[in-house]
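Only the coordinates and a few stated rules stand behind these numbers; no lab work does. Not measured: the values here are computed from a predicted model. Glycine gets a Cβ as well: all are built from the backbone with ideal geometry, and neighbour counts include every protein chain shown.
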Amino acid sequence: MTTRVAILISGSGSNMVTLVKAMQSGDIDATPVVVISNVTTAAGLDKAKALNVNAVALDHRPYKGDRAAFEAELNKVLNEHNVDLICLAGFMRILTPDFPNQWKRKILNIHPSLLPKYKGLHTHQRAIDAGDDNGGCSVHLVTGELDGGPVLGQVAVPIMENDTADNLAERVLVEEHKLYPAILADFIKQM
Ligand code: GRF
C-alpha cells in the first residue's frame with residue numbers, strides 16, 4: 001500500500017513542489033495526499049492546487065498561542081486524509097513536544113544549516129558571521145527538541161567571500177531540492 005504523505009508549509013513551498021513532483025513521477029514510492037499551510041496567504045497553497053494536491057489553509061492565529069488546540073485541529077485534518085507520514089517543508093510554527101510524540105518517527109523536516117549547528121532562525125547569517133567555510137542543509141527526524149532530531153542526511157555548500165545570507169540561501173535551496181526527495185525516498189523504502 002502506498003505511503004500517504006502530508007506536507008506542511010508556511011511560505012513559497014518550493015521544497016513541497018519538489019517532493020510532490022518526485023512522488024507523482026514515481027521517484028518516491030508515496031502519494032502526496034494533502035498540503036497544509038498555517039499561513040492562509042502562502043504561495044505554496046496555489047502551487048499545491050496546480051499540482052492537483054488537496055490544499056488546506058489552517059490559520060494558527062485564531063488559536064491565540066494555544067499550540068495544543070491548533071495541533072488538535074491539525075491532527076483532525078491529517079486523520080481525515082489518512083496520513084502516514086508528515087514532511088515539514090518551510091513550516092514555521094513551533095510544535096509542542098506532544099505532536100512529535102504522537103507521530104514518532106513519522107515527521108521529517110528540512111533545515112537550512114549543517115545541524116547540529118544553527119538550530120532555529122537566521123542560519124545563513126550565523127554561519128557567515130561565524131566565519132564558517134560551509135553552510136548547508138539537513139533533513140532530520142522531528143522530535144520534541146526544536147531542530148534536534150536525528151539527522152538523516154545533509155549537504156554542505158561552500159561559503160564564498162562576500163556572500164550575503166540571501167545569496168547563500170539561494171545556493172543552499174538548490175541543494176535542499178535534491179536532498180529532501182532523496183532522503184524521503186530512502187526513508188519510505190525502510191518504513
Ligand atoms: C527552506 O530554506 C527551508 O529549509 C526552510 O525554509 C525554507 C523554505 O523554503 N525551513 P520553501 O518554502 O520550501 O521554498
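Taking amide H atoms as placed 1.01 Å from N in the peptide plane, list the residues 5 or more away in sequence, or in a different chain, whose amide H sits under 5 Å from that of Leu88.
Answer set, sorted by chain and number: Leu8, Leu108, Asn109, Ile110.
Check which residues have an amide H placed less than 5 Å from His81's amide H, if you skip close sequence neighbours.
none
Let me know the shape class of the range 81-187, please: from the alpha-carbon gyration tensor, a ≥ b ≥ c as square roots of the eigenvalues, rounded when a/c is under 1.5, otherwise prolate if a/b is greater than b/c, or oblate.
prolate
Quick one: which residues, 5+ away or cross-chain, put their amide H under 5 Å from the amide H of Leu115? H built at 1.01 Å from N.
Those qualifying (amide H under 5 Å, at least 5 residues apart or on another chain) are Ser138.
Quick check: from the Cα gyration tensor, does the range 27-81 come out rounded (a/c under 1.5), prolate or oblate?
oblate
About its Cα centre, what dipole magnitude does the chain give when the only charges are +1 on Lys and Arg Cβ and -1 on Asp and Glu Cβ, stated in debye to the nearest 20?
For the chain, the charge dipole is close to 560 debye.
Once the convex hull of the alpha carbons of the chain is built, what does its volume come to per residue, in cubic angstrom?
113 Å³
For the peptides 177-186, 12-21, what is the packing order when you average, over each peptide's residues, the other Cβ atoms within 10 Å and list the highest mean first?
Ranking, from highest mean packing down: 12-21, 177-186.
So what are the ³J(HN,Hα) numbers for the range 110-115, from phi and the Karplus equation (6.51, -1.76, 1.60; θ = phi - 60°), rounded to whole Hz, Gly and Pro as x?
10, 10, x, 7, 8, 4
Put +1 on the Cβ of every Lys and Arg and -1 on every Asp and Glu Cβ in the range 5-152; which of Leu152, His81, Gln125 then has its Cα farthest towards the positive end of the dipole?
Working it through, the farthest residue towards the positive pole turns out to be His81.
Based on the Cα gyration tensor of the range 136-191, what are the three equivalent ellipsoid semi-axes, each the root of five times an eigenvalue, rounded to whole Å and given largest first?
The three semi-axes for the range 136-191 are 25, 14, 8 Å.
Applying the Karplus parametrisation 6.51 cos²θ - 1.76 cosθ + 1.60 with θ = phi - 60° to the phi angles of the range 6-11, what ³J(HN,Hα) value in whole Hz is obtained for each residue in order, glycine and proline being reported as x?
Those phi angles translate into 9, 10, 9, 10, 9, x Hz.
What pairs in Lys49/Lys104; Lys64/Lys178; Lys21/Lys106; Lys49/Lys117; Lys47/Lys119 have C-alpha atoms more than 26 Å from each other?
Lys49/Lys104; Lys64/Lys178; Lys49/Lys117; Lys47/Lys119
Sequence neighbours fewer than 8 away in the same chain don't count; with that in mind, list the aspartates and glutamates whose C-alpha is under 12 Å from Lys189.
Qualifying aspartates and glutamates at Cα under 12 Å: Asp27, Asp29.
Ala42: net charge of surrounding residues, Cβ under 15 Å, Lys/Arg +1, Asp/Glu -1, itself excluded?
Here the charged neighbours net out to +2.
Under the rule of -39500 (n - 2.57) per DSSP H run of 4 or more residues, summed and divided by the residues of the chain, what mean residue ellipticity at 222 nm is obtained, to the nearest 500 deg cm²/dmol?
Rounded to the nearest 500, it is -11500 deg cm²/dmol.
Please compute, for the alpha-carbon atoms of the range 52-134, the extent along each of the three principal axes and give them in descending order in Å.
Principal extents (largest minus smallest coordinate, Cα): 47, 29, 28 Å.
Around Glu170, under 13 Å between beta carbons, what's the net of Lys plus Arg minus Asp minus Glu among the other residues?
Residues near Glu170 contribute -3 overall.
What is the sum of charges, Lys and Arg at +1 and Asp and Glu at -1, for the other residues whose Cβ falls under 10 Å from the Cβ of Val83?
Net charge around Val83: 0.
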